[in-house]
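Nothing in this text is a laboratory measurement; each read-out follows from the coordinates by a stated rule. Nothing here was measured: the structure is a model prediction, and the numbers come from that model. Cβ: placed from backbone, ideal geometry, glycine included. Neighbour counts: every protein chain shown.
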Amino acid sequence: MRKVILFIACLFFSYFLSAQVNFRANLSKNSLGINERVKVDFIMDKDGDNFTPPEFDNFRIVSGPSQSIKNSWINGKRSYSKTYTYFLSPIKKGNFKIGQASIEVDGEIYKTMILNIVVTSAVDKPINPNDPSYVADKNIHLVAEISKTNPYLNEPISIVYKLYVSPDTGVNNWRELDAPRYADFWSKNINIKNLTVENGTYKGEPYRYVILRKTVLYPQKIGELSIEPLVLDITVQTPSNRRDFFGQILNNTVNKTVSAGKLKINVKPLPDKGKPNNFSGAVGKFDFLVSTSKKELLFSEAFQLTLEIKGIGNFNLFNLPTVNLPSSLEVYEPERLEKINTNFLGLKGSIKDQYTIVPSSPGKYAIPRISFSYFDPKDSQYKTETSNITYVNVKGSILENRDKDEVSNKKINKVGLVEYGNTSFKAKTKFAKISNEIFFNSNLFWALLFIPFIIAIIIITIKMILNKNKSDKNWIRANNAKKLGKKYLLDAKKNIENKNKFYEALDKAMMNYLKSILLFDNREYNAKQVRESLLKRSVSLKTIDLLEDIFNNCQMARYTPFDYVDMDKDYSRALEIISLIDKEIK
């Protein structure tokens, strides 16, 4: 009897253990140098939902999560495991913790244990010419080239970030880990439309390179200023000693973190010697122009006075000169007109202040000389541009204008006298016939009587149609789907600067639009069924192919690390596809 009870207890205990979910976290190493990486695996023996990783404080995610599944049968017994893998790079030295990850299995939440990890100073890696990491270190370089390291305050400088790759090394893709930070600088990025591979040299050796980023900076403080580096994670293909069946050299794939290095800029103050009193901070090379729209005009007409500064320099960081005109000229607030482009040398273009001026009396007016001062860093001196005196002739007289006003504004008094100056005369009165028509039984009476009834009938009819539609489940579902589609399309437009959020919203918008026209549920959806449904509704193959391209772009952009996508183009194509389907569908 004792053996039977023990056997039953063992069976029950083994069943209890098998019913539990084993969810754990493993580290590839518990101690690493700050220049090394660590692999973290989250392993479960049952499939689950809603996997949530820890925050990974003090670490940078180099890659992941990558997912792997092992499913095998041995002697009739099933073995299953699912693993989420991350590769982490430490940000600083110290003793840190990897927090708990969570997973939901059959409605229950399971969490991993907290892991301890030690980050030490950088460790020396053994030099092995055949080691892929060593080869990548020697053949990949990220360089920041700066136009000037000792500029004046507000003098433009430019930075170009280049990625150099040796001829026998390949790069699959890269991901930006840290963007440059330009504290104490006014910055403007130059848009690079297409990345072009060019041939060049690095330390005297032949290399290929691509320009990743161009930025124009205007220092806003004097002294030594720092620029934080650009840091990239790059997937590198390096040649190995192995060959395939056909004799081709096999490549090794390795991830490498490269940094452009921290830059130091020594900013010089603008000299006090020779600084004009009207200097407002303009630094660069400028031309100053003053012009009027008219040289002659009639009294009470208006004219425009334009102050224009054009050239290259720190536009938007200084003030334009003001104008001082006689009190008999009424001057309105100026209209600011700007036409500025950013190139490698800085901001180039023109800004204008356009004043509208109305003279209050005739005469000949002089627009006085107006001066504009700027500092030319190339010549290291202040320069002043001064306009010539401009004359504007206003014709007419005050009396003529007053007479016109009095005639146009003459008044008739209560006894029919027209007042004009100091004289009065009696005006002739004209009598008009008064209509004898009675309002009751008139056309207007009957129109006002029946219009409310007609409006009420129209409102009731529209309400009946809407209520009928709202009782139709398909109509309700289509209407809700269309509303959701518009909402997600608007979310996509708002998040056009964030790749993941943009494509997630765009994917949902297109999906809800298809629901509204095809009336399918998520569980019924697959690409083949949607394609057949659209063909049945007379949508052309060309339009369906464009729709599938949009879905493919959404999936590729959301689930690959490649950041160089044209979101504006995909958003415009989505709108165009919706318009095409609306026109073609029957």
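In terms of the mean number of neighbouring beta-carbon atoms within 10 Å, the peptides 154-166, 177-189 order highest first as 154-166, 177-189. Considering the zone a paramagnetic label at GLN67 would reach in this model (a point 7 Å from Cα along the Cα-to-Cβ line), which residues of the range 94-109 have amide N under 20 Å from it? Backbone N within reach: 101-109.
Determine, for each peptide in 89-99, 282-292, 200-210, the mean count of other beta carbons within 10 angstrom over its residues, then list the peptides with the highest first. Please list the in-between numbers first.
On the way: 89-99: 15.7, 282-292: 19.1, 200-210: 12.7.
Final packing ranking: 282-292, 89-99, 200-210.
At q = 0.13, 0.17, 0.24 Å⁻¹ the log10 of I(q)/I(0) for the range 154-217 amounts to -0.46, -0.74, -1.11, computed by Debye summation with a single uniform scatterer per C-alpha, solvent ignored. Karplus-derived 3J(HN,Hα) values for the range 376-390, using 6.51 cos²θ - 1.76 cosθ + 1.60 with θ = phi - 60°, are 9, x, 5, 9, 6, 8, 7, 9, 10, 9, 10, 7, 7, 5, 10 Hz; glycine and proline are entered as x.
Our coupling estimate for the range 103-118, obtained by passing each phi through the Karplus curve with A = 6.51, B = -1.76, C = 1.60 and θ = phi - 60°, is 9, 10, 10, 6, x, 9, 9, 10, 10, 7, 7, 6, 10, 9, 9, 10 Hz, Gly and Pro reported as x.
Computed from the C-beta positions of PHE445 and ARG537 and an R0 of 41 Å, the FRET efficiency is 0.15 to the nearest 0.05. Each part gets one Cα centre, and for the range 316-344 versus the range 533-558 those centres are 52 Å apart. Considering every alpha-carbon pair of the range 132-267, the percent of pairs per 10 Å bin, from zero through the bin containing the longest distance, is 11, 37, 29, 15, 5, 2, 0.
Using the Karplus relation 6.51 cos²θ - 1.76 cosθ + 1.60 with θ = phi - 60°, the per-residue 3J(HN,Hα) values for the range 335-351 come to 9, 8, 10, 10, 9, 10, 10, 9, 10, 4, 8, x, 8, 10, x, 8, 10 Hz, with x marking Gly and Pro.
Computed extension length for LEU325-GLN529: 65.9 nm, one decimal, from 0.36 nm per residue of separation with the Cα-Cα distance subtracted.
With a Förster radius of 60 Å applied to the beta-carbon distance between LYS111 and ASN277, the computed FRET efficiency rounds to 0.30. Rg and Dmax of the range 251-369, both derived from C-alpha coordinates alone, stand at 22.7, 86 Å.
The residues packed around ALA183, meaning those with a beta-carbon under 13 Å from its beta-carbon, carry a net charge of +1 if Lys and Arg are +1 and Asp and Glu are -1. Where does the charge balance sit around GLY223 when Lys and Arg score +1, Asp and Glu -1, over other residues with C-beta under 11 Å from its C-beta? In short, +1.
Local charge for THR390 was computed over the other residues whose Cβ lies under 13 Å away, with Lys and Arg +1 and Asp and Glu -1, and equals +3.
A Förster distance of 56 Å, applied to the separation of the beta-carbon atoms of PHE453 and LYS339, puts the FRET efficiency at 0.40. Candidates ASN95, GLY48, SER63 compared by Cα position along the dipole of the range 21-120: farthest toward the positive end lies ASN95, with charges placed on Cβ.
Measuring against 29 Å, Cα to Cα, the residue pairs LYS262/LYS383; LYS264/LYS569; LYS275/LYS364; LYS193/LYS348; LYS294/LYS378; LYS188/LYS501 contain LYS262/LYS383; LYS264/LYS569; LYS275/LYS364; LYS294/LYS378 as the ones spanning a longer distance.
Taking 0.36 nm per residue of separation and subtracting the current Cα-Cα distance, fully stretching the chain between ASP137 and SER31 would add 35.9 nm. Measuring between their Cα centroids, the range 84-99 and the range 204-221 lie 31 Å from each other. Amide H to amide H, with H built 1.01 Å from N, THR390 comes under 5 Å of ILE367, counting only residues 5 or more places away or on other chains. Scaling the Cα radius of gyration of the range 21-120 by the globular reference 2.2 N^0.38 Å produces a ratio of 1.17.
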